[in-house]
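Here's the structure we're looking at; comments come further down.
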Amino acid sequence: MPDVVSLKRHQNWATLSLNRPDKRNALNVEVLAGMDKALRESSTIRRFARCGARRGSPLLRGIDLAEVEQAEAGHNPASLENVFHRLEQLPAITIAAVQGAAIAGGLELALHCDLRIAADDAKCGMTLGKVGLMVPYDFTRKLIEVIGAGNTSSFCSPADLFDAKRVYEMGMMSQVVPAAALDDTVNALAEKDRRQCAAVVARDEGHGAPMHE
C-alpha cells in the first residue's frame, strides 16, 4: 500500500504530496502522522517546500469525521494544530497547490503555507456549519490574517463553497491557473525562486567576510 503522505526532494526544495484519493485526501490520524514525519524531515530545507496532492486529486477535502472521536480520545502528538504549527515554522517558503475541493482542515493547511496557487477548478469553503460544528477559533484567526475580517465573515457565514476566482478576489490565493498547468506552474515558481534565493545568498556570503584590522 502506498504511503498516504510522501516527501520528494529536489535541489534545495521538496514536494510534500498527499495520497488518499479514495477519501479525497481527508485528514485522519494516519495522514496527520505522515505529515508530521514529512515536515520533521523537511526541517533541513532552507529554500522552498511545496504542499499538494497527487496529480488530479483534491488538495484536502477536510477532516475525516469518522476518526475525530478516536483522535480526540487519546494523546496525539501529531494533532492538527501541531502539524499546522510545524508547517508554518518551516525555515523555507511554502507553496500550496490547490486543486479540487479544499474544505475546512484542508483549506486551513493551504492557509498556513506562504503562497497558494489554485487550479481554476478549485472550490474552497468552511462547511462545518452544515454538520452542526462551530468554525474553530484558530481557523477564523488565520482567515482574518490572510483575507481580513470582512471577507472572513462573508466566507464563513453561508457555509458554502467558493470558486477559485472568488477566493482569488478575496486575497486567499496568490494565483489561479488552468488545472492542467497547476503542477508545472508551482514547480516552475519554486525553481525560479530557488535560483533567486541562491543568488542572494551567494551575494551576501561574498560581502559577509569578516573584516581584519
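No lab work stands behind these numbers, since they all come straight from the coordinates. Because the structure is a prediction, the values reported are computed rather than measured.
Using each residue's phi in the stretch 8-17, evaluate 6.51 cos²θ - 1.76 cosθ + 1.60 at θ = phi - 60° and report the 3J(HN,Hα) Karplus result to the nearest Hz, with x for Gly and Pro.
Those phi angles translate into 10, 8, 10, 6, 6, 8, 9, 10, 9, 10 Hz.
Amide H of Val177: which non-local residues (sequence gap of 5 or more, or other chain) have their own amide H closer than 5 Å, using H built in the peptide plane?
For Val177, whose amide H was placed from the backbone, the distant partners under 5 Å are Ala118, Ala119, Asp120.
So what is the diffusion coefficient of the stretch 88-128 in µm² per second by Stokes-Einstein at 10 °C and 1.306 mPa s, using a Kirkwood Rh over Cα pairs? Let's see the in-between values first.
On the way: Rh = 10.5 Å.
This corresponds to a translational diffusion coefficient of 151 µm²/s.
Go through the stretch 145-157 residue by residue and turn each phi into a ³J(HN,Hα) via Karplus (6.51, -1.76, 1.60, θ = phi - 60°); whole Hz please, and just put x for glycine and proline.
Values, residue by residue: 4, 8, 10, x, 5, x, 5, 5, 4, 5, 6, 7, 4 Hz.
Using modelled amide H (1.01 Å from N, peptide plane; none on Pro or chain starts), what sits under 5 Å from the amide H of Val5, excluding residues fewer than 5 places away?
Asn19
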